Structure formats: C-alpha cells, structure tokens
1. Of the cross-linked pairs A:Lys181/B:Lys294; A:Lys228/B:Lys296; A:Lys181/A:Lys221; A:Lys228/B:Lys204; A:Lys181/B:Lys297, which ones have a Cα-Cα span greater than 27 Å in the structure shown?
2. For A:Cys201, A:Cys55, what ranking results if the residue with the fewest other Cβ atoms within 10 Å of its Cβ goes first?
3. According to the square roots a ≥ b ≥ c of the eigenvalues of the Cα gyration tensor, what is the shape class of the range A:56-122, taking rounded for a/c under 1.5, prolate for a/b larger than b/c otherwise, and oblate for the remainder?
4. Classify the range B:151-264 from the C-alpha gyration tensor, please: rounded if a/c falls under 1.5, else prolate or oblate depending on whether a/b exceeds b/c.
5. Quick check: net charge around A:Cys201, other residues with Cβ under 14 Å of its Cβ, Lys/Arg +1 and Asp/Glu -1?
6. Got a sec? How would B:Lys127, B:Lys287, A:Lys181 order by Cβ neighbour count within 10 Å, fewest to most?
7. Might you report the magnitude of the Cβ-based charge dipole of the range B:124-255 about its Cα centre, with Lys and Arg at +1 and Asp and Glu at -1, to the nearest 20 debye?
8. Along the positive direction of the dipole of the range B:88-183 (beta-carbon charges: Lys, Arg +1; Asp, Glu -1; about the Cα centre), which of B:Ile107, B:Tyr160, B:Cys122 reaches farthest?
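A short reminder: the numbers here are calculations on the coordinates, not readings from a lab. Please read these numbers as outputs of a predicted model, since none were measured by experiment. Cβ: placed from backbone, ideal geometry, glycine included. Neighbour counts: every protein chain shown.
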Amino acid sequence: MYFIFEENGPESTFETYNIKHSSVPLPFPMAHGTTTLAFMFQGGVMAAADTRSSCSGLVACPASQKILPIHSHLVGLTSGTSADCALWKRILARELRLYQLRHGRRLSTSGAAKLLSHMLHPFKGTELCVAATLCGWDGGETGPGNSTNAKVSLAKDERSPYAYSILDQGVHWGLTVDEAKSIAREAVYRATYRDAYSGNCVDMYHITSKGWTRRNREDLKEEYYREKERRKHEKTERRDVAFSD
Amino acid sequence: MALEDVCSFKERPVQHKWFSFSSLGDAAIPFPTSDCYNLRYSRLETSENNCGVPLHFFIPPLPHSSSFINRPLSSFCPPKNSMTVQKPFRLAHGTTTLGFIFQGGVIAAADTRASAGGLVACPAVHKITPIHSHLVVTSSGSGADCMLWERILIREIRLYQLRHGHRLSIRATAKLLSSMLHPFKGTEMCVALTLCGWDKSGPKLIYVCSDGARLQGDVFSVGSGSPYAYGVLDRELRWSLSKGEAISLAREAVFRATHRDAYSGNNVDLFHITAQGWSQRKREDLKEEYYRDKEKKGKKKNDKLK
C-alpha cells in the first residue's frame, strides 16, 4: 500500500492502514494530533510538547502530559494513542527499575529504546499506536533514543512539520540553555498556531547529567494574544501607507 | 490558439444556454468566460473565428458510456458518478509554493520538483507562471492540469484586456478562474493556484483551487511542503520587511520545506511583484544552500567546543 503524506494527513493515513489490518471496526478514525520535539545540544537534551489530547475533532483534554519522566535521567515523549502511551511508559519504567535493581546500574538510553522496541514488537500490525522518543543522559554522554513502533511510518506524521522547519533553522550544537528553551518554545508555539490538533500549553523538560528539570507549564494563549496585538499594531501602520502607484 | 485546433473547435456546432449555478445539474453548461458575446444567440451565428465561442473541452470517451461522438454535444460536463481511469498513484500536491504580501509588494516563491509517486519526474519545472505584467500564478496539484489552466487564464485575461481596454482586477480574475474550474469539481482534476499580483487596489494574494475555494489573504503556502514553510514564515513575516529581507525569508522558507519534504526540492524560483510589474530572481539551486547551512552549523559546533 502506497503512503503519500498530504498536509491533511493524520486520519487518512490511519484509515488506509486500517483497511488492510483491522478486525474490529474503530468507533472513529484515530487522529494523531500532537506536537512533540526534542533535540540535543551542548547543554544536554531539550524536550518540549504541547498538551492537547484530541479525539477526532474534539479536544478530549487540554492539559494532558505528553512528556513522561521514566526515571531521574530519562524522559519519554509520547504521541499516538494516549492510553497506549501511558501504559507502555509504566511498563518501561517498571522494566528499567527492575534492571537497575538486578544489575546495580541504570540501563542506557539506547538500551531502554531497544527494550521498548522489543516489547512492542509482538504488537506490530495491530492497532497499537505508540511513538515514543526517549531522551536521556547516560553516564557521561547524552543519548536520545528513538524506538520503532507497531505502525510503520509513525515517526513522520507525529513530529509536527511546522515545528521541524523552525528547529532546522535554529538548532545547532552550540546553543545556550536559554536559547534552546526559547527555540523549543517557539517551535511548539508555531505548530500549535497552524495545527488544529495541537494547542493549549507547552511543557518543557531539560535533561542534563544531573537529571531532568521541568519548566513550568506555560499557556500559549498569552503568546498568541501578544502576537495578535503586535499584528494589529502592524495593520494600523499598514493602513497609513498610501498605495500611490 | 493551438489548443483550439486540438479540440477541433470549428467542426462542432455551438450550443448555448444561459449559465446559472442553479441549473448545474442540467446537461448544457457553457463555459463562462469574460466574453459577454457568448450569451447572446444572435452573435454566435455571425462569429466566424473562435472569438465568440466559449471553450469546449474534449473529454475522452469513458469506458462504460457510448462513444463521444454520439453523446449530446452540450453535455460536456463530466458525469460525477462515472467510472474513471484508475489513477497510477494518489495525487498529493507534492510541492512547496508560497506567497506573501509585505510593504514592498508581493513575493511568490516555489520549488521546482515535479514528482510522480516516488519518482522525481522533472527537477526543473516552472511552478510560477506570469499571466500578465502584474500577475503571476503559483501552481500546485497536477502539473498537467495546472499548465492547461494557466494557458486558459492567460487567454481569457488577454481577451478581456483587448475587448475592454483595461486589465481585469485580480479579484475578478480569481472569480473568473474559480467559475471556470467549477464544472470540474468532483472530478479528478487537481489544481491549486495562488494568484499573486498588483492591481489598482494594491497588492493582492488570492488562492483558488479546483475544490471551489477562493480565498484572499496575506500569506499562503500550498503543497506537501507547506507546513514546513508556514513554520518559518509565521515566525518572521512582518509587514515592515525590506525587499532583501522578504526575499531571503521566502528563500529560507522554501529551503526548509525542501529539506524536510521528500516531494519538494531541487531549485527555488522567486518572483517579486510591485506596482511596476513582476521581476524574477535567478533560479537558485538549493543544494548549495544546504551545504552552506551544514557548514555553518558545523562551524558553530566547533566554536563552542573550543
């Protein structure tokens, strides 16, 4: 089956997938509405996400948590079905804790990613929908891990394209922590501005060798109104300019 | 126009009915053109050349219906429930085009990749076409359909100008285009055009698509790469940009989109429209920009590590 991602993609891709594989008809086409992002820089790993849980057009929860801490040095960004993500995050946390107790050291981020991937493998081809990005700091080095999931091309449509272009523009290794924070925030804000399925607030986590720190959840509504004021001001400027030609 | 010869205009008798949207379900729907001569029967008998004749389209015979020649000539509106030829791949607007208005006029930018499924059919396509000296149109959707409709639009605008002595406004052009596309709504025709121009009322940017949408705005980006372009544009677009800043913003937006979107790429075309007309910037290969960007990031990494 040939997948071409259109700009109004999410439901349609899931539907085509479903036609091939589903046994139980879904009550509604599941839409994967979210914006999550993470990047590495010299000061550690920065992870940010919006907080809107959508359910085919309805905002099911405006204050959900998409960045779930797994242990002191590892957080997981989740997108896909919130229920599946919450479950698998708990399962992963349990497995990692057991590993730590048995072996006396924490599992590395890439190890955790491999573990999650293998745990999800039996569900490949089912309607399970989990796309997780693990961001962590192991030992002396950062290691954001990416797990592969039941749904083949998940990585592409979960990560918001609106955020990608801003990250591409601004992210480089040498960012300071404040610059990184502001880029992450801007990227999530721009995605929520254009994407109907992302919105409400932005969560930010910063992972360093000392563990993760969480920034206060910020409501993007304020930012939106600030920008609207600015544009309104511009519009009045614009009306003053005479089109004399 | 060569198109008319291909469509064998002169061989067919002409039929007309008053065009009204309410009668769209009926058989005969002549093409509305800017040509008001069409609407009067008396004129038609005397017209020798094609100047009085509305555009007819050759619609290839459909598998289940009788041959085209036997079909009543007035019903050239493609029947909506007919079986059509299997598409080789799903049409997605695999492109990045954008346009925005700022204090110095209108900027229109687009990539140059034409894709067919997963193949790059042509790496050097013109997605921005000038219609007249103060109007360009960026196209996305099916390449063939867009090329055809651009030519038709050029023809109609030119005819209007010759008959009435003044250029049609951009809003009227958009309306004309939209009503010409309307009979094909629901068929597989896939055309999404952004008219970028300057007329008596200043700079204008109007998006017209074959689904029937006709939207005027300050910034539009169309195609599979549009979300990527929107991110960059939303961030930095201001009314008060200088010309150089606007050009580099448009270029950056297309570059970021081509970087992430598989169906956009190769070069970037840029047009700047002012009250004096349009001017085209030299086509630029984004490969160079990619390497420059990579080097810049690598340099920053080295600087910080020192």
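1. Where the Cα-Cα span goes over 27 Å, the pairs concerned are A:Lys228/B:Lys296.
2. A:Cys55, A:Cys201
3. prolate
4. Oblate shape, in that a/c is at least 1.5 and b/c is the bigger or equal ratio.
5. +1
6. Fewest to most other Cβ atoms nearby, the residues stand as B:Lys287, A:Lys181, B:Lys127.
7. 540 debye
8. Of the candidates, B:Tyr160 comes out farthest on the positive side.
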